[in-house]
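Remarks on the structure that follows.
The values are calculated or read from the model by the stated rules, or taken from the named source; none is laboratory data. Everything quoted here is computed from the prediction, not taken from an experiment. All Cβ positions, even for glycine, are placed from backbone atoms using ideal geometry, and neighbour counts span all protein chains on display. Protein only, heavy atoms only, side chains kept; ligands, DNA and RNA dropped before computing areas. Shrake-Rupley method; radii C 1.70, N 1.55, O 1.52, S 1.80 Å.
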Amino acid sequence: MLISVVQLGKVSYATGLKIQAELIAARKENRIPDALLLLEHTPVITLGRNAKKENILLSRELLDAKGVDLFETDRGGDVTFHGPGQLVGYPIFDLHGFPNTGTSSLKYLGAVDYVRKIEEVLIRTCLEYGIPTKRVKGLTGVWTDWNHTGDMQSPDKPMAQSPDSKIAAIGVHISRSVTSHGFALNVNTDLDYFKLIVPCGISDKPVTSLQRELDRVLDLDEVAQRVSRNFGRVFDRQMLPVNTVDELLGRALDTPANAPAELRAIHGDESTFA
């Protein structure tokens, strides 16, 4: 069984929503296999369904002046930032196709166990760079864990070693068992952008990146390849690179997706998790 992987490069958040909407519809109609989109976004702050607007620390006018877009979305979670140097992943999976290996009574993969698997993908990827990470009870995402390095050996020598800092955020949406939205892994992200918000509504834990932890700039394509491989391992699927969304959809013409000037978030949800 396959997961098709499409690397989109840098796209606006509106474009990402438009592409997701098309692929969600195609997956629900079984016209495409499970797919994983990997990309960067231009600077944007997004609010999840549980977001508190006071966690955005600047007015809309000041955000516009800084070139930062603002979107309300149907994903779970609070406020987060996406921008250049951050690897964003949008799995478009039909969870009915994944056996339940977790704690729920469902025959197929449930929302909580699905999120735990995404966390595992990111934990493994960070560890490949010599960065130990962990889950935090009661929260969603991945945090550094320099207090429990053990005898870990790595070809990279971590430098900064920020304790208990959030390195990856996760917020998903599930409708008729098909997933959307996903994760954001801070690779070479300008962390000053996170000063514009209270990230994920958590004020007592800092945000970090692979670059800060390793004290060097990383190749984002290489990180994307490692994330893709770990998706295959964790979800027990073969990962198949696909050049374009048009190719995935079986369209003859390879034309880029153009976003409208204004695009609201996807609605019509049956299940949401953060």
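Let me know the shape class of the range 1-148, please: from the alpha-carbon gyration tensor, a ≥ b ≥ c as square roots of the eigenvalues, rounded when a/c is under 1.5, otherwise prolate if a/b is greater than b/c, or oblate. Spell out each step's value before the answer.
Numbers: a/c = 1.64, a/b = 1.22, b/c = 1.35.
Oblate is the answer for the range 1-148, as a/c is 1.5 or above yet b/c matches or exceeds a/b.
Ignoring everything but the protein chains, give the 1.4 Å probe accessible area of Ser209 in square angstrom, nearest 10.
Estimated to the nearest 10 Å², Ser209 gives 0 Å².
Tell me which aspartates and glutamates have Cα within less than 18 Å of Lys117's Cα, excluding those fewer than 8 residues away on the same chain?
Straight-line reach from Lys117, under 18 Å: Asp34, Asp94, Glu128, Asp236.
Lysines within cross-link reach of Lys52: Cα-Cα under 20 Å, excluding same-chain residues under 8 positions apart?
Lys166, Lys195, Lys205
Based on the mean of other beta carbon atoms within 10 Å per residue, what is the order of 63-71, 129-137, 17-25, most packed first?
17-25, 129-137, 63-71
With N denoting the number of residues in the range 1-74, provide Rg(C-alpha) divided by 2.2 N^0.38 Å, to two decimal places.
1.35
Local charge sum around Ala168 (other residues, Cβ-Cβ under 11 Å, Lys/Arg +1, Asp/Glu -1)?
Around Ala168, the charge tally is +1.
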